[in-house]
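Engineer: The structure under discussion is supplied below as structure tokens; questions concerning it will follow.
The values are calculated or read from the model by the stated rules, or taken from the named source; none is laboratory data. Quick caveat: nothing in here was measured; it's all calculated off a predicted structure. No Cβ is skipped: glycine too gets one built from the backbone with ideal geometry, and neighbour counts run over all protein chains shown.
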Amino acid sequence: MVVRIKNNPFKSEMPIDPNATAVHGITIEDLKDAPTFKAIAQTLANTFEGCDFAGYNSNKFDLPLLAEEFFALTLILILKNENLLMFR
């Protein structure tokens, strides 16, 4: 089994709400040199192909949100049920 953990921040294309910064500590200044999601979306889609995903309630929020972001860029993210594990 191969496990890869990556932390790839994206430059926000909209302001970051101060309430969100209070929770996660990330500011727009922290992301000034990071690529936008649009710039790396195809690479991410290729990387995610065949990957397993697991997370707390991720099938109801995180993964649909991610799929919508890909769809907005006319990219398709294919997620198969056998690759998804959700914790509640």
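Engineer: Can you tell me which of N46, N19 is modelled with pLDDT of 90 or more and part of a helix (DSSP H, G or I)? Working first, answer last.
Structural biologist: Working: N46 fails: modelled with pLDDT of 90 or more.
Within the list N46, N19, the selection yields N19.
Engineer: Is it the case that I40 is out of contact with any helix residue (DSSP H, G or I) (no Cβ under 6 Å at 6 or more places or on another chain) and in a helix (DSSP H, G or I)? Don't jump to the end; show me each part of the working.
Structural biologist: Numbers: out of contact with any helix residue (DSSP H, G or I) (no Cβ under 6 Å at 6 or more places or on another chain): yes; in a helix (DSSP H, G or I): yes.
It is true that I40 is out of contact with any helix residue (DSSP H, G or I) (no Cβ under 6 Å at 6 or more places or on another chain) and in a helix (DSSP H, G or I).
Engineer: Which ones in region 51-75 are exposed (fewer than 14 other Cβ atoms within 10 Å of the Cβ) and either modelled with pLDDT under 75 or assigned to a helix (DSSP H, G or I) (or both)?
Structural biologist: Residues satisfying the conditions are P64, L65, E68, F71, A72.
Engineer: Residue pairs, Cβ under 8 Å, 6 or more apart or interchain, first in region 16-42 and free of Cβ contacts under 8 Å to residues at least 24 places away in the same chain and closer than 29 Å to T74 by Cα, second among the polar types (S, T, N, Q) and surrounded by 14 or more Cβ atoms within 10 Å (Cβ to Cβ). List them.
Structural biologist: From region 16-42, the pairs are I28/S12; L31/S12.
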